[in-house]
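Beneath this line is the structure, given in structure tokens, with notes to follow.
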Amino acid sequence: MTELTHPFTPDWVSPPGDTIADLLEERDWTQAQLAEHLGYTKKYISQLISGKAPIGEETALKLERVLGSTAGFWLNREALYRTQLAKIESSITSSTAP
């Protein structure tokens with residue numbers, strides 16, 4: 001077994017919106033079409049895809065119904081994104097501290 005002396009710690013993070021965008025591309029849907037299917041505004045969908053709007057329980061259930069996977073998948077994807085984002089922001093803050 002290989003021992004990791006330098007664990008992989010990326011300085012980037014992928015929002016759940018990347019997964020949503022991939023699924024839209026597979027279905028040949030626009031953000032406007034997704035907004036219509038989910039009952040949200042186009043602006044909200046844009047924010048969701050860019051990672052500015054978080055995925056909550058209601059949105060996760062709607063994504064499950066419209067795009068597939070499970071609400072748990074979407075909520076977990078969101079939690080991992082926010083955790084990694086916080087770690088990156090924390091490391092930037094601590095590296096600039098005097």
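No value in this document is a laboratory result; all are computed from the given coordinates. If you're wondering where the values come from, they're calculated on a predicted model, not measured in any experiment. We place every Cβ from the backbone using ideal geometry, glycine too, and count neighbours over all the protein chains shown.
Just a few scattered comments:
- Matching residues, the stretch 45-63, being surrounded by 14 or more Cβ atoms within 10 Å (Cβ to Cβ) and under 14 Å from the mean Cα position of the chain (by Cα): ILE45, SER46, GLN47, LEU48, ILE49, GLY51, ALA53, PRO54, ILE55, THR59, ALA60, LEU63
- ASP28 being surrounded by fewer than 16 Cβ atoms within 10 Å (Cβ to Cβ) and closer than 30 Å to SER91 by Cβ: no
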